[in-house]
Amino acid sequence: MQLIPSVSMAYETLLLETDQNIAVLTLNRPKVLNALNAALLRELDEAIQSLASDAAVRVILLRGTGGKAFAAGADIAELAEADAAIGQELAARVQRLFRSIEALGKPVLACIDGYALGGGCELAMACTLRLANPAARFGQPEIKLGLIPGYGGSQRLPRLVGRGAALKLLLTGAVIDAAEALRIGLIDELVEGDSEALLARAFDLARSIAAMPSLAVSAAIEAVDRGADLTLENALALEAKIFGRLCETDDKREGTRAFLEKRTPVWTGR
């Protein structure tokens, strides 16, 4: 699959490539299994902000290079030097970054091949959807360092897999395979094959999403994200408000007209 390298910004720890309206963002520290050090996190923040403002990009694929890891976790050498103040500031800063990915308004699909441990698993959980191949391995082993997850893992994991399954992983630091991750709901799809097969399937899914009207895609993400922690009554009110907002768009008018005229709609993002 031939991608076009992005020339808008040079990165030392990331690769950014595009294929029409799909961006592929690759964590690129293969010698340390794409561990999330300060430099990578800083560049990831810059890249996400850049992609957020790029109207041409409709879907983002996030993966790791090297074939052994999506991201094996945080940089332990950096963590070893952290005191209470530094640790809290680090956790809050990375939480803000991961939250920006979660609430980006554009789907971010994690393509997980190899290890997604600690911060790597937390990064994957902040993505819109998670696809993995059989080589993928997942876990939150922070307890073995005398820690808990600091980048959102103790909060997103139970929301995805339930309280009991989350606590089992958090309290044991166990590493699970992709089949178990699929069974408990940590990933959304298990793709048989190697990293190329995984990327090809992610592109298929991304193209299906990119073919939909961007305003409605963003609104669907917003409704699910904002409604998750509301009461059902308040969440339904939020849904009605977003539905009404979309009724005023050109895309809604085009979509309904095209349906009635039995033709393919042409989306404008307005």
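The values are calculated or read from the model by the stated rules, or taken from the named source; none is laboratory data. What you are looking at is a predicted structure, and each value in this text was computed from that prediction instead of being measured. Reconstructed Cβ throughout: ideal geometry from the backbone, glycine too, with neighbour counts over all protein chains shown.
Things worth noting here:
- Candidates Gly73, Gly67 - the one that is closer than 19 Å to Ala110 by Cβ, at pLDDT below 95 and surrounded by fewer than 23 Cβ atoms within 10 Å (Cβ to Cβ): Gly67
- Of the residues in region 113-120, at least one is within 19 Å of the chain's Cα centre (by Cα) and acidic (Asp, Glu).
- Scanning region 234-270 for residues that are among the aliphatic types (A, V, I, L, M) and either touching a residue at least 40 places away in the same chain (Cβ under 8 Å) or loosely packed, with under 12 Cβ neighbours inside 10 Å (or both) yields Ala240, Leu260, Val266.
- Test set (1) under 20 Å from Lys106 (Cα atoms); (2) hydroxyl-bearing (Ser, Thr, Tyr); (3) without any contact (Cβ under 8 Å) to a residue 12 or more places away in the chain - Thr231 fails condition number: (1)
- Contact annotation: residue pairs with Cβ atoms under 7 Å, 6 or more positions apart or on different chains, pairing a residue in region 96-119 that is assigned by TED's automatic domain parsing to the domain that holds Arg201 and within 26 Å of Ala174 (Cα to Cα) with a partner that is among the charged types (D, E, K, R) and in a loop (DSSP other than H, G, I, E, B), are Gly114/Lys68; Tyr115/Lys68.
- Qualifying residue in region 184-205 (condition: in the same structural domain as Gly66 (by TED's automatic domain parsing), part of a helix (DSSP H, G or I), farther than 20 Å from Tyr115 by Cα and among the aromatic types (Phe, Trp, Tyr)): yes
- The residues of region 147-183 that are farther than 17 Å from Ala74 by Cβ, touching a Leu at 6+ places or on another chain (Cβ under 9 Å) and in a strand (DSSP E or B) amount to a single one, Ile176.
Here's the yes/no breakdown for (1) under 23 Å from Gly105 (Cα atoms); (2) basic (Lys, Arg); (3) part of a loop (DSSP other than H, G, I, E, B); (4) at pLDDT 95 or above:
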position: Gln2; (1), (2), (3), (4): no, no, yes, no
position: Ser8; (1), (2), (3), (4): yes, no, yes, no
position: Leu15; (1), (2), (3), (4): yes, no, no, yes
position: Ala23; (1), (2), (3), (4): yes, no, no, yes
position: Leu41; (1), (2), (3), (4): yes, no, no, yes
position: Asp45; (1), (2), (3), (4): yes, no, no, yes
position: Gln49; (1), (2), (3), (4): yes, no, no, yes
position: Ala55; (1), (2), (3), (4): yes, no, yes, no
position: Ile60; (1), (2), (3), (4): yes, no, no, yes
